[in-house]
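Structure, as structure tokens:
The values are calculated or read from the model by the stated rules, or taken from the named source; none is laboratory data. Keep in mind it's a predicted model, so treat the numbers as computed, not measured. Cβ atoms come from the backbone with ideal geometry, glycine included; neighbour counts cover every protein chain shown. Calculation scope for accessible area: heavy atoms of the full protein, side chains included, ligands and nucleic acids excluded. Shrake-Rupley method; radii C 1.70, N 1.55, O 1.52, S 1.80 Å.
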Amino acid sequence: MENYTGFDRVLLKVLKIPGALMIVPLFLGVIFNTFAPEVLNIGSFTTALFKNGLAVLIGLFFLSVGSQISFRSALPSVEKGIVLLVAKFGIAVIFGLGVAFFAPDGVLFGLLPLAIIAGMSNSNGSLYVALTSQFGNKTDKGAISILSINDGPFLTLVALGVAGLAAFPLMALFAAIFPMIFGFILGNSSTIARNFLAPGEKLIIPFAAFAIGAGINLEVLLGQGAIGVLLGIATAVISGGAAIISLYIWHVVRRHPKPSRNMVSAASEASVAGNAIATPAVVASLDPTYLAVQDAATAQIAAAVVTTAFVLPFFVAWFAGWQKRNGITPENEEALYEVEQTNEEVGYEIKPATK
């Protein structure tokens, strides 16, 4: 047995927490930003890394993830990504606009439609990859190439734009997915590049999580944003439920055998991303009528981010266990795709083996 230090043993216990690479650094970031913000604002590389480096860290993270997606797994990953993206965005728009048009005063228990659409449509890519890396397979993880489209304010602006409230920022879409595309090209063009970028998948997660937490204050969460806990729960239940049902239907339509109908990716997508916190400010800059609700919507989304970051890993761990008890595993699904690929290469059908 290796000679672990006391700190090593602490880390080993911490890493047993589902999604620990995301949750623990995020919580530490919130604590520092609330009780000792001056520590993060001393300037130079310290502030650049731990406070202001989120955009760069996420960009590098997506570059690393993209480099690990192979052409062989690209099609199932893309299909999964599209199914989950449409389900998550669709339910966010239905729920958000339903509140805007049918709830008294356009709010539901204090929840603002802007916060609902921005929060429910925007998923935490780092948490998604952390969870699918632990409980899913390559196609689950690879779906992030499509799911990255919901990062940032793009889909929220699309939803509001359909109602005539915002423009369609096509360049923002391209900017969001380009690091993933570039990584995909690098990884499939060079084995050396793929191996070089591989460590970035896990290495960057805790730093990005800390930077997200460093933008959240507990005082805001406990004040205007307290109702955002409800938004986080609604996202996990409603958004997650819609994603799971949609992915199950996709498996059925594709005639996948029951043991290969893995839906870990759908459960892992039911979160609110930290970068969604900036969406109300972006929307308000395009439409000044949203300035009045910008702060409240931001606080609600921040609370939802923390709620889903803490709740979702435990749900995904339970869901993965439930699947396994019912004979459904990510390994069975991956084996199915490998057999399908072999069938294409040899020109006749080989039946997949299931565990």
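Restricting to helices (runs of 4 or more DSSP H) lying wholly in the range 244-336: which have 1 or more residues that are touching a Pro at 6+ places or on another chain (Cβ under 9 Å), open to solvent by 10 Å² or more (accessible area, probe 1.4 Å) and modelled with pLDDT under 90?
On the way: elements: 264-268, 279-286, 294-325.
Output list reads 279-286, 294-325.
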Just to be sure, is Ser123 within 30 Å of Glu334 (Cα to Cα), outside any helix (DSSP H, G or I) and open to solvent by less than 10 Å² (accessible area, probe 1.4 Å)? yes
Would you point out the residue of the range 213-233, among those that are surrounded by fewer than 22 Cβ atoms within 10 Å (Cβ to Cβ) and small (Gly, Ala, Ser), that is modelled with the lowest pLDDT? Gly223
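Considering only residues that are over 14 Å from Gly81 (Cβ atoms) and not hydrophobic (A, V, I, L, M, F, W, C), which ones fall in the range 120-136?
Ser121, Asn122, Asn124, Ser126, Ser133, Gln134
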Selected residue (criterion: modelled with the lowest pLDDT) from residues of the range 39-71 that are open to solvent by 60 Å² or more (accessible area, probe 1.4 Å) and under 30 Å from Asn137 (Cα atoms): Phe71
